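The values are calculated or read from the model by the stated rules, or taken from the named source; none is laboratory data. Treat the numbers as computed from the prediction; the structure is a model and nothing was measured. Cβ placement follows ideal geometry from the backbone for every residue including glycine, while neighbour counts extend to all protein chains displayed. The accessibility values were calculated without ligands, DNA or RNA, using every heavy atom of the protein model including side chains. Shrake-Rupley method; radii C 1.70, N 1.55, O 1.52, S 1.80 Å.
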Amino acid sequence: MKIMNMVNALNDALDIKLADDKSVVVYGEDVGVEGGVFRVTEGLQQKYGVERVFDSPLAESGIVGSAVGMAVSGLRPVVEMQFCGFIYPAFNQIISHASRMRNRSRGKYETPIVIRMPYGGGINALEHHSESMESIFGHIPGLKVVVPSTPHDAKGMMISAIESNDTILFMEPKRIYRAIKQEVQEGKYTIPLGKANVLSPGSDVTVVAYGAMVREVQRAMVMAKEQGISVELIDLRSIYPIDKETIAKSVKKTGRVITVTEGPRTYGVASEISQIAVEEAFLHLEAPPARVTGFDTIVPLPKGEYHYMQDPYKILYEIERIVKY
Amino acid sequence: MFKDYNPSDKKTFQVMNEEGKIVNKQHMPEITPERLLKAYKDMLFARTADLMTVSYQRQGRIYTYPPNYGQEAIAGAAGAIMRDQDWMVPAFREMGAMLAKGVTLKELFLYFMGNEEGSNFKNAKNVLPISVPIASQYVHATGIGYSIKYKKENSVVYAFVGDGGTSEGDFHEAVNFAGVWRVPVIFIIQNNQYGISTPVKVQTASESLAIKSIAYGVKGIRVDGNDFLAMYKALRESADICSKGEGPVLIEAVTYRKGAHTTSDDPTKYRTKEEEESWDIKDPLKRLKSYLIKEKLWSEKMEEELLPQYKQEIDRQFVEAENFGEYKAEDVFMHHYAETPDDLKEQLSQYNRFLQWRETRIKNEAKK
Ligand SMILES: Cc1ncc(C[n+]2csc(CCOP(=O)(O)OP(=O)(O)O)c2C)c(N)n1
Ligand SMILES: [Mg+2]
């Protein structure tokens, strides 16, 4: 065991996979010499050389498109989008090729690519550095989208992602890159993608969250507990595939569900979870499924961002409301 | 001049050398001493503001900021040439040009304090807001060029991008479209040698960035971007070419980012002190100042007298920005649509109800 934050844990996962699989290559903007603007790839170029860990020209479409080419010809690229707001030049390559190549070629070609991307708000950043647009990616057939919320999960999920034969958008909650430290198992281990994790059992209400929102929910739970409300917290971990079973089981038990996301409300992940609750646990529901999400607005710049972001009070407000319903 | 400095000849256009001596009389731009002096003062103002902004950031009074230090001659020359009716399409490292167009420091400060109001340039005509997604603004410049041509206006577009930006597809599409449409756009590449930590040689195998103009069938030139006079001359001639309907033009301005990429960046990770120092003698302000002093248009003493006034003015605008006022919940919801949809209005009301609940709750907590 070793104490690590999420940056260390991701770095460790990349290190382990670079060491045990020659087909793994890591590249993107500033990931080589500098080790990434968040230092997730720090030291890897020195260790594995510039052929395997390198800086690319500044072009996201080029990065993901070339990864598709590498992947169909036998490599396992792990590429970085520097920030969530800069993935869009690559959107065409993701939605038109990476997610479709297997289907298009009827299984002849596959695209084992990991697209790493820091996302999310609350860090007082410039425009385009704070969005949480997982829903639009979760909506793409053929693409997997995952989000860890702890260093331990980040490492195990990253190793699984690199070993997976699918294209995976690996969203890294940058707000908690360094904020959470915990003991992380040394060496290789995997965490299956597509499985949610019940973080704390409870009986009155199920709260589903992921990424940096898990911590906000935990804070709200402390206040809820003072009022005698027992919350079951589920860390979703995977936007797609989505773990219906774990959600359904929990909602059947508690009869209430709230989803907490950073992204905009309409057509969001929360809507999907509400629908799962309705489909899978309709007769158990004691209140309409609820959601705590961003507004359907552009993420405000830092001066106004606190209005937009989820915080323990916003979550508690909804917990109280739904329990009293 | 464009003939004498064809990008395939590997030449860099210079008028004034590193000591501020005119080395290229033939191409000395026509510029009055008053205009030149004003340009220098504007650059000095921009540099002072830029350096002070970095220290405001260090004091925690603004968020992330991308310094302009070392690159001021490019924005300075564009600022000296752009007219009211011309368009400026910025990236994010050309403060001097924005100020020249009538953007106020207070607005820029507000922006870097994290308030969208800082992109609502009240008195500046035809300046787009700062564009963060690299090179995406370049295609807009081409579109504005089309409007100008379509409406037969007497106007030119000045578009900015960095060396790193030339790798994005948008850069190539913008210059290609502009070449096909023959629109009046001056594409200015600020080649400051790095895109964050990535050196130009990782961006392109081309001999230069200017040489890319040849592939698109547009005029191009590589200019010493730390030489104000060369930049002024190149832009002046480009503007004339555009006005005659013979644009677009691509200018590679060779410079060096003496500061960090942004206030969150640490350049020691990717470049040496020696390299940084080797650019000191090429400093754009020092060079122009030497020239002005030799021409008896300026003196160290005059500069010493001026600087405190500048600092005071900069600080005044900074404090004004700091006192701009509260960011209200409504401000988050404004300006998304011509008419705000009902659902969005409802989201604001819901949020206001929550705020009331929270206020009561926090009061009750305090009582306990
Ligand atoms: C599309 C996009 N990708 C990545 C980034 C992150 N980023 C911000 S500045 C920068 C480097 C830009 O380099 P260059 O174009 O040379 O401009 P400079 O910063 O040197 O002025 C990068 C990669 C971004 N803003 N937009
Ligand atoms: Mg650059």
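Some points to look at:
- Screening B:Tyr138 with (1) within 30 Å of A:Glu305 (Cβ to Cβ); (2) in contact with a helix residue (DSSP H, G or I) (Cβ under 7 Å, 6 or more places away or on another chain); (3) within 16 Å of ligand 2 (Cβ to nearest atom); (4) within 12 Å of another protein chain (Cβ to nearest Cβ) gives one miss only, at (4).
- Conditions (1) away from chain B (no Cβ under 14 Å); (2) buried (at least 22 other Cβ atoms within 10 Å of the Cβ); (3) in a helix (DSSP H, G or I): number failed by A:Ile95: (2)
- Taking the numbered list (1) within 14 Å of another protein chain (Cβ to nearest Cβ); (2) within 16 Å of ligand 1 (Cβ to nearest atom) in turn, B:Gly259 passes all entries but (1).
- Residue within region B:241-252 that is within 14 Å of chain A (Cβ to nearest Cβ) and over 19 Å from the mean Cα position of the chain (by Cα) present: no
- Condition check for B:Ser238: open to solvent by less than 20 Å² (accessible area, probe 1.4 Å), in a loop (DSSP other than H, G, I, E, B) and more than 12 Å from ligand 2 (Cβ to nearest atom): no
- Where a residue in region A:204-229 is of a type in the set (Lys, Arg) and its partner, wherever it lies, is not in a loop (DSSP other than H, G, I, E, B), with Cβ under 7 Å and at least six apart: A:Arg215/A:Ile176; A:Arg219/A:Pro312
- Set A:Glu131, A:Glu127: member being open to solvent by 60 Å² or more (accessible area, probe 1.4 Å), within 14 Å of chain B (Cβ to nearest Cβ), under 30 Å from A:Gly304 (Cα atoms) and in contact (Cβ under 8 Å) with a residue 12 or more places away in the chain: A:Glu127
- Checking every residue in region B:215-225 against the condition of being within 15 Å of ligand 1 (Cβ to nearest atom) and away from chain A (no Cβ under 14 Å) gives at least one match.
- Taking region A:286-325 as the range and being open to solvent by less than 60 Å² (accessible area, probe 1.4 Å), more than 30 Å from B:Glu116 (Cα to Cα), out of contact with any strand residue (DSSP E or B) (no Cβ under 8 Å at 6 or more places or on another chain) and of a type outside the set (Asp, Glu) as the test, only A:Ala287 passes.
- Some residue of region B:231-251 being within 20 Å of B:Val89 (Cα to Cα), of a type outside the set (Val, Ile, Thr) and at pLDDT below 95: yes
- Of the helices (runs of 4 or more DSSP H) lying entirely inside region A:223-325, the ones with 2 or more residues being modelled with pLDDT of 95 or more and within 14 Å of another protein chain (Cβ to nearest Cβ) are found at A:269-281, A:302-308, A:312-324.
- The single condition from (1) out of contact with any Asp or Glu (no Cβ under 7 Å at 6 or more places or on another chain); (2) part of a helix (DSSP H, G or I); (3) open to solvent by less than 100 Å² (accessible area, probe 1.4 Å) that B:Gln309 fails is (3).
- Region B:204-223, subset assigned to a helix (DSSP H, G or I) and closer than 30 Å to A:Val31 by Cα, residue nearest to ligand 2 (Cβ to nearest atom): B:Lys212
- Applying the set (1) within 16 Å of ligand 2 (Cβ to nearest atom); (2) buried (at least 22 other Cβ atoms within 10 Å of the Cβ) to B:Tyr232 leaves exactly one unmet item: (1).
- Given (1) part of a helix (DSSP H, G or I); (2) surrounded by fewer than 18 Cβ atoms within 10 Å (Cβ to Cβ), index of the condition B:Leu297 fails: (1)
- Helices (runs of 4 or more DSSP H) completely within region B:95-203 that count 1 or more residues being open to solvent by 30 Å² or more (accessible area, probe 1.4 Å), within 12 Å of ligand 1 (Cβ to nearest atom) and of a type in the set (A, V, I, L, M, F, W, C): B:200-203
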